[in-house]
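A.B. asks: For reference, the structure I am asking about is given below.
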Amino acid sequence: MILNQFLILAAVLFCIGIYGVLVRRNGVLVLMSIELMLNAVNLNLIAFSAYLQETSGQIFVLFVITIAAAEVGVGLAIILLLFRNFRSPDLDQAQQLKG
Amino acid sequence: MYRLALQTSTEYAEKTEIASPWLISHAWVIPLLMVLSFVIILLFGKRMPKRGAEVGITAVGAAFVMSCITVFQWIQHVDKSLEGEGGSALSGFGKSFAFSTPGESSVAPITQTWDWWSNGLIKFTAGIQIDGLAVMMLFVVTFISLLVHVYSTAYMEHDTRYTYFYAALSLFTGSMLVLVVADNSLMLLAGWELVGVCSFMLIGHWWEEKPNSSAAIKAFLTTRTGDIGLLLGVIVTFFAAGQTFNLTEINEAALAGRGGHTIWLVGASLLLMGIIGKSGQFPLHTWLPDAMAGPTPVSALIHAATMVVAGVYLGGRLYGVFWQGFSIGDGGMNPMAIIGAITIIVGALLAFVQDDIKKVLAYSTISQLGYMVMGLGVGAWVGAIFHLFTHAFFKALLFLGAGSISHSGSHHSFDMKKDMGGLRKFMPITFATFMIGSAALAGVVPLAGFWSKDEILATAGQSGFHFFQIVGIAGAVLTAAYMTRCIYLTFFGEYRGHHHPHESPKAITVPLIILAVFSTVAGLANAAPLGIEKFVEYVEPRQAFPPIVVPEFEGILAAVSVMAVLLSVGVCSYLWFRKDQLGPFKGLTQRNAAARGGYTFLVNKYYLDVLYTDVVVGGIKGPLARSAYWFNQNILDGVVNGIGRGAPAIGRGLYKYVDQGTVDSAYNGLAKETGAAGGLLRRLQSGQVQRYALLIVIAIAIFSIALILAK
């Protein structure tokens, strides 16, 4: 069983995701990066599930996918409102909550 | 007579298993009803013909009816359980209890439990526990709430947020009912916090004005300070009782002294902090007078039924913990009694210097809550809970009366000196009911307050707490004096406002009359001297309960306290008329002299007893009379004036230095420090989402590295 390759792939995907979340200014791209991170985790879960012959990991992935869909729905709605208010999807402009 | 009510429960419970009627074993529907009413009003209230009020009133009316049924079912349950044991001779009404031998009787509370969630070893349950204390509270809460709901239809008629107000009232009532029926300390805590949130919403109901919203925040944060203690206390008792939140099990473990005395002392002290915060005890009482910023019906609800009595209820519910923790049975000084005693005096003295009628009542509530906490502290469980019961009626009456005055008499003002006076002519119903409420509060003989106060004082004396007994009598004297002052300022003399006072509409006067009736007769529920002890029979728990003293009636004590109260009223009346001669209200003297015989009989009676001594003596003009007159003028008057001037002066000093100076400035200092710390931390709040995300990622990285290194 080639577990390591999957784990390395997932780690790479996860890091790309973190990079995207921290660096990208466009809100839509930040959301996509979050999706990337979630899928990296899913990959890990499935890899371990197959490796350990245990189905609960796959069930968990199904939950994650469902919730990720809902999360994107909310996230896109927020970005839409941002766009309406600031005329750009740029996250740096939304800092009204600063102390 | 000493009575042991401590049992090891279970075997008796099984033996006396009785098929309970449906409602009492499903009492959770009562709080549920109020919460449903909250949701319905919030969602659909605005579109309804009466803007949501009808839903609230219907729900609370139904809850009240169900509570009454529960009360009767509980009484039946107790009677049947005792018959089932065969040892009791109790069958008829009004018969004094014959089942007080130790270990004889045991009536199990009716409980229903569900699994909430389980976490490995610990199982969390949700459940209800209905016993005498719970049904008594159900009755009081729904009763007062019903009257407040009806009253508000008139009082809040033109309010912009009428629907919202009714929704919040429903939730307020529902939360208190959750707290009352809870069988474990977690649910109790949840109800407790919900009550706090609702009081915040309602005190700040008119939040457009800054003082009102500040008062709401102050109320919330001050009680939160005490809540920290409560939360920690719940945790401590959880572990001390062997990992259980169940209230009965905690009481049993506490009374058995499981795990040593110290842990129960810690637990009791922490829980006491919660009581101090919620029930307005010294030194966390400062929020209560400020909470007068809320609408008057809310004040009535807060003071009589839903908010401040939660603390006393907690004390009564977890009495085993306090009994064990503070060694109440040994008759020594303990923090609970001391805090209560301080609160009685501090609250009563502060009431002298207020011009705002609601603030007088607020300080009076503080003082009366002091009675209840002191009662719990000296082992007068029955007295304290009974006082909670009677106090609910007359304090709700007084607050609703004050609301009626502001609604129809003084044009939305509560200032007794500027906008009131002479209102007895314009508002006869309000005046009569307010008089009854004040007399009940002061403890005048046949009215409600007398019986409960006497119960506390008698128990205090017979359990060996003579100091607290004296404090209690002193408190009664002060109570009578400040209420007399309040009544004179409000109802007597000349109208000082600039409007046209008139009597309030029926929706206001009918609740006042009902409450006045209850303030008169509620005391008979446990009139020990008459042989009626319904509270001992039905309210006092018989399981997991310490061996408290049931006092013998002491005629001398009752006579002394009543005499003290009457004397106090007399002195106060006397000073009032003296002030007329010298003070700002010139011209009143003649009118008073002419109308002296025309005052209502209550006032006149007490007034004549003391005030007219010098007039009568002066009229005789004999040598004996002259010397008596001299004695009266120079010695008695001096003493009387000294006392009269001393009390307000002490009150004023307390208010200025202790209340406003020390306590408030301590809080302000704390707030300032918090503000400064906030100033440093605000730089972290850049407002940029990605900056926050970066901080989170760094934190995760650090923790991961630490975890790897630790392995």
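A.B. asks: Can you tally the net charge around A:I16? Count Lys and Arg as +1, Asp and Glu as -1, for every other residue whose Cβ sits under 14 Å from the Cβ of A:I16. Could the numbers behind the result be given before it?
C.D. replies: Numbers: positive: A:R24; negative: A:E35.
Net of charged neighbours comes to 0.
A.B. asks: Also, quick follow-up: Points 7 angstrom from Cα along the Cβ direction at B:I696 and B:L670: gap in nanometres?
C.D. replies: Simple spin-label model gives 3.3 nm for this pair.
A.B. asks: Please give me the summed charge of the neighbours of B:G45: other residues whose Cβ is under 14 Å from its Cβ, Lys and Arg +1, Asp and Glu -1. Spell out each step's value before the answer.
C.D. replies: Numbers: positive: B:K46, B:R47, B:K50, B:R51, B:R161; negative: B:E54, B:D159.
Residues near B:G45 contribute +3 overall.
A.B. asks: Filter B:K218/B:K417; B:K359/B:K395; B:K278/B:K672; B:K417/B:K506; B:K395/B:K506 down to the pairs with a C-alpha to C-alpha distance above 18 Å, please. All intermediate terms of the calculation are to be shown ahead of the outcome.
C.D. replies: Details: B:K218/B:K417 27 Å; B:K359/B:K395 13 Å; B:K278/B:K672 24 Å; B:K417/B:K506 27 Å; B:K395/B:K506 20 Å.
Where the Cα-Cα span goes over 18 Å, the pairs concerned are B:K218/B:K417; B:K278/B:K672; B:K417/B:K506; B:K395/B:K506.
A.B. asks: Ordered by residue, what ³J(HN,Hα) values in Hz, to whole numbers, does the range B:455-461 give under the Karplus form 6.51 cos²θ - 1.76 cosθ + 1.60, where θ = phi - 60° and Gly and Pro are x?
C.D. replies: 4, 5, 5, 5, 5, 4, x
A.B. asks: Let me ask something additional. Need one number: nm distance between label points at B:A649 and B:H412, each 7 Å from Cα along Cα→Cβ, rounded to one decimal.
C.D. replies: About 4.1 nm separates the two model spin labels.
A.B. asks: Please compute the length gained on full extension between B:L221 and B:W114, using 0.36 nm multiplied by the number of residues separating them and subtracting their Cα-Cα distance.
C.D. replies: Answer, rounded to one decimal: 35.2 nm.
A.B. asks: Can you pull the three principal axis extents for the Cα set of chain A, in Å, largest first?
C.D. replies: Taking the Cα atoms of chain A, the three principal extents are 51, 23, 23 Å.
A.B. asks: Another question about this same structure. What is the spin-label model distance, in nm, from A:K98 to A:L62 if the labels are put 7 Å beyond Cα along the C-beta direction?
C.D. replies: Between A:K98 and A:L62, the simple spin-label model gives 4.7 nm.
A.B. asks: Compute the FRET efficiency between B:A190 and B:Q688 as 1/(1 + (r/R0)^6), taking r as their Cβ-Cβ distance and R0 = 30 Å, and round to the nearest 0.05.
C.D. replies: Working: r = 37 Å, r/R0 = 1.22.
Step by step, r from the Cβ atoms, then E = 0.25.
A.B. asks: Compute, for the range B:375-513, the length of the dipole vector about the Cα centre, with Cβ point charges of +1 (Lys, Arg) and -1 (Asp, Glu) only. Units Debye, rounded to 20.
C.D. replies: On the way: 9 positive and 6 negative charges, 52 e Å.
The dipole of the range B:375-513 has a size of about 260 debye.
A.B. asks: Could you order the peptides B:645-655, B:177-187, B:248-258, B:669-679 from most to least packed, using the average number of other C-beta atoms within 10 Å per residue? Show your work: numbers first, answer last.
C.D. replies: Values: B:645-655: 16.0, B:177-187: 24.5, B:248-258: 20.5, B:669-679: 10.2.
Result, highest mean Cβ count within 10 Å first: B:177-187, B:248-258, B:645-655, B:669-679.
A.B. asks: While we're here: Can you run phi through the Karplus equation (6.51, -1.76, 1.60; θ = phi - 60°) for the range B:56-63 and list ³J(HN,Hα) in whole Hz, with x for Gly and Pro?
C.D. replies: x, 5, 4, 4, 6, x, 4, 4
A.B. asks: Which ³J(HN,Hα) values in Hz, rounded to whole numbers, follow from the phi angles of the range B:185-192 under the Karplus curve 6.51 cos²θ - 1.76 cosθ + 1.60, where θ = phi - 60° and Gly and Pro get x?
C.D. replies: 6, 5, 5, 4, 4, 4, x, 4
A.B. asks: Fewest to most neighbouring Cβ within 10 Å: what's the order for B:M156, B:M563, B:M416? Write out the running numbers ahead of the final one.
C.D. replies: Details: B:M156 21, B:M563 12, B:M416 26.
Placing the least packed residue first, the sequence is B:M563, B:M156, B:M416.
Read-outs throughout are calculated quantities, based only on the coordinates presented, and are distinct from any laboratory measurement. Since the model is a prediction, treat every value here as computed from it, not as a measurement. Heads up, the Cβs are rebuilt from the backbone with ideal geometry, glycines too, and the neighbour counts pull from every protein chain shown.
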